[in-house]
Amino acid sequence: MVHQYKNNGYNIVLDVNSGAIHIVDDLTYDVIALWEETSREEIIQRLNKTYDEAEIKEAIEEIEELQKNGDLFTPDDYEEYIGDVTKRPTVVKALCLHIAHDCNLACRYCFAEEGEYHGRRALMSYEVGKAALDFLIANSGNRRNLEVDFFGGEPTLNFQVVKDLVAYGREQEKIHNKNFRFTLTTNGVLLNDDIMEFANKEMDNVVLSIDGRKEVNDYMRPFRGGQGSYDVIVPKFQKFADSRNQERYYVRGTYTHHNLDFSKDVLHLADLGFKQISVEPVVAQETDDYAIREEDLPQLFAEYDALAKEMVKRKKEGKAFNFFHFMIDLEGGPCVAKRLSGCGSGTEYLAVTPWGDLYPCHQFVGNEDFLMGNVFEGLKRTDIRDSFKSCNVYSKEKCRECFARFYCSGGCAANSYNFHGDIHNTYDIGCALQKKRVECAIMIKAAEAEI
Amino acid sequence: MKHIKTLNTRKLQNTVKKGGCGECQTSCQSACKTSCTVGNQTCEHCK
């Protein structure tokens, strides 16, 4: 399968099954479009009014050479392979710990419903957290790198437990020959020097929630009393990012129907000095006034194009920053097994509630149909695990025909469930945006190859 | 090549035999909590 498109003056050809990316001239672009359903002679006949015949023959030879080397029109031979991958024993390697089902903000779009996840307010105790780490170690098989995200609600509302669990993890990793990678996701309200110092020492990554421009952030991310949070968090986040040498963190925002011009928010965050930025579309029900709608897509596509172009320009000017959804690792990216099998929710990645219940991921927390067990007694509902395990790009009809399938791995199971009541489907608006982001990310790589 | 410039990429076919060790980062642990972004993850063996 080949996906070809034009973006920012580049003719880009993606060979989906090998991951090879080619930048081609207009002639070759037109030849490739005809390649699979047209004979060589007919290609020459159809194009010789526009292009020189000798040049067409040259392009054909170059295409044949790439095809011979497995860099173009590569067949998809992975479907049987994924069967072998999914038969392997399941290990757990990552936990999202809901340290606090409570929050000091009242964000309008929060899937956790102001931190409470359709349930009661609660803080995770040290005993529950400790049992969660024990559960992770016990179920991690021979995986050495184990990930624990301190999540919420707002985890700084229960920070002593975070500190104690990190200490426990550091002690246990030596005993069991594991390597814990801790991350913290915070809204920044309670950030102080003590938390920053601790996080800089212990957290592999920190995710700092902010939506962008003051008016955008304050509309969606107010305190419970209605006041905006921007002025409280921005100076703290700037200090925090600098104290981490502008590495191993993301400022992370959500854009909605109310700020379809979200590229301005990304650039605003860049202008505030942040170098690691992630801003992604809200996932909401159609009835929510802030939900992204299908008719918003053309504007959002234009926004991604404009942002990508601006990023190329800023890089040339020495003012580069990273945008998470345009990052793509071409030379050291994931293997096919990872690309086919998705995010690992419900199998190698689980969420833990403050009282120790296990769910497939943070987005399923509170939906009793997905309660899988708890950290004290272990996984009870192996049928849920097996259902998630069978979820891959070949189990979803729409992914089979999609050029982006090796970049999103079939998309988010929770999004699929929320829109179709089935984890083996796809969230169409999310897919459209994901495809656009992949196209932009590749264009940026093409432009960078020229710099 | 005269008409085609190829970017350096890791050939996916070549990752079949040795891939799948599972040591790499879980995508939702990085910066997306509501989408699935895998293509930007780095292979633990390529670091």
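The values are calculated or read from the model by the stated rules, or taken from the named source; none is laboratory data. Bear in mind the structure is a predicted one, so any value in this text is a computation, not a measurement. FYI the Cβ positions are ideal-geometry reconstructions off the backbone, even for glycines, and counts take in every protein chain you see. What goes into the accessible areas is simple: the full protein's heavy atoms, side chains included, and nothing from ligands, DNA or RNA. Shrake-Rupley method; radii C 1.70, N 1.55, O 1.52, S 1.80 Å.
Brief remarks on what is shown
- Take every DSSP beta bridge whose two residues both sit in the stretch A:236-367; close to 20 percent of them are antiparallel.
- Looking at the stretch A:88-326 alone, DSSP beta bridges between its own residues are antiparallel in about 15 percent of cases.
- The HN-Hα couplings worked out from phi for the stretch A:11-21 by the Karplus form 6.51 cos²θ - 1.76 cosθ + 1.60 (θ = phi - 60°) are 9, 10, 10, 9, 8, 4, 7, 9, x, 5, 10 Hz, whole numbers, x standing for Gly and Pro.
- For chain B: rounded, prolate or oblate by the Cα gyration tensor [a/c cutoff 1.5]: oblate
- Nearest 10 degrees, 0 to 90: helix A:193-202 Cα axis against chain A principal axis: 60 degrees
- Protection proxy ranking of A:175-184, A:276-285, A:244-253, A:403-412, by the mean of other Cβ atoms within 10 Å over each peptide's residues and highest first, is A:403-412, A:276-285, A:244-253, A:175-184.
- Taking chain A and dividing mean pair separation by its residue count, relative contact order in percent (alpha carbons under 8 Å, at least six apart): 15 percent
- Degrees, to the nearest 10: A:53-68 long Cα axis against longest axis of chain A: 40 degrees
- Charge dipole magnitude, Cβ of K and R +1, D and E -1 - chain B, Cα centre, debye nearest 20: 320 debye
- The alpha carbon centroids of the stretch A:402-418 and the stretch A:221-284 are separated by 25 Å.
- Taken about its Cα centre, the stretch A:2-75 carries a charge dipole of about 240 debye when Lys and Arg each add +1 at the Cβ and Asp and Glu each add -1 at the Cβ.
- 10 Å Cβ neighbours from other chains, averaged over peptide A:321-334: 6
- Whole-Hz couplings from phi, Karplus 6.51/-1.76/1.60, listed for the stretch A:397-403; x for Gly and Pro: 3, 5, 6, 4, 9, 9, 6
- Cα gyration tensor shape of the stretch A:212-331, rounded if a/c is under 1.5, else prolate or oblate by comparing a/b with b/c: oblate
- Evaluated with a Cβ-only charge set (Lys, Arg +1; Asp, Glu -1), the protein assembly as shown carries a dipole of roughly 1440 debye about its Cα centre, given to the nearest 20.
- Of all DSSP beta bridges in the protein assembly as shown, antiparallel share, percent nearest 5: 40 percent
- Solvent-accessible area of A:His258 with every protein chain in place, 1.4 Å probe, in Å² to the nearest 10: 90 Å²
- 5 angstrom amide H check on A:Asn179, placed H, neighbours 5+ away: A:Asn145, A:Leu146
- Averaged over the residues of peptide A:17-24, the number of Cβ atoms from other protein chains lying within 10 Å of each residue's Cβ is 6.
- For the stretch A:2-75, a/c is not less than 1.5, where a ≥ b ≥ c are the root eigenvalues of the C-alpha gyration tensor, and a/b does not top b/c. That puts it in the oblate class.
- Residue-averaged beta-carbon neighbours from other chains (10 angstrom radius) around A:79-89: 1
- Per-pair calculated FRET efficiency, R0 = 30 Å: B:Asn8 and A:Asp271 via Cβ, rounded to 0.05: 0.40
- Each peptide in A:315-326, A:386-397 receives the mean, over its residues, of other Cβ atoms within 10 Å, and ordering these scores from highest gives A:386-397, A:315-326.
- Rounded to the nearest 10 degrees, the angle from helix A:297-316 to the longest Cα principal axis of chain A is 90 degrees.
- Fully extending the segment from A:Ala449 to A:Asn177, taken as 0.36 nm per residue of separation minus the present Cα-Cα distance, adds 93.8 nm.
- Set A:Lys68/A:Lys445; A:Lys264/A:Lys309; A:Lys239/A:Lys275; A:Lys338/B:Lys47 screened for pairs whose C-alpha atoms are more than 18 Å apart: A:Lys68/A:Lys445
- Listed residues A:Gly318, A:Tyr359, A:His257: farthest to the positive end of the dipole of the stretch A:246-394 (Cβ charges): A:Gly318
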